[in-house]
């Protein structure tokens, strides 16, 4: 496997995006940027569903990177709390 890469996920009301970066001398250098405008029912997705969609979109587009590197997912959302919660609530 190659070097570890990092992927930053971001979501908004109308789009999801991901930035794949590599660490070089304690700095993150962008490698690839992926975004998707939300359409139809996707606009009504909860934050966690939008984050999952962002990761799926990125994984499909950046498959060769995911297959040849360890990828660490980074986001400013509290995923650990959500994933350990027995009931995932929709946020309004």
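Under the condition of being surrounded by 14 or more Cβ atoms within 10 Å (Cβ to Cβ) and touching a strand residue (DSSP E or B) at 6+ places or on another chain (Cβ under 7 Å), which residue from the stretch 36-46 is farthest from residue 62 (Cα to Cα)? Working first, answer last.
Step one: list which residues in the stretch 36-46 are surrounded by 14 or more Cβ atoms within 10 Å (Cβ to Cβ), which gives 36, 38, 42, 45-46.
Subset that is touching a strand residue (DSSP E or B) at 6+ places or on another chain (Cβ under 7 Å): 36, 38.
Working: 36: 14, 38: 19 Å.
Out of the qualifying residues, it is 38.
Pull up the stretch 62-77, narrow it to residues that are surrounded by fewer than 16 Cβ atoms within 10 Å (Cβ to Cβ) and modelled with pLDDT of 90 or more, then point me to the one that is nearest to residue 14 (Cα to Cα).
73
Going through the stretch 47-61 one residue at a time, which ones are over 11 Å from the mean Cα position of the chain (by Cα) and modelled with pLDDT under 90?
Passing the criteria: only 47.
The values are calculated or read from the model by the stated rules, or taken from the named source; none is laboratory data. All figures in this text were calculated on a predicted structure; none of them were measured in a lab. Ideal geometry is used to build each Cβ from the backbone, glycine not excepted, and the neighbour counts take in all protein chains shown.
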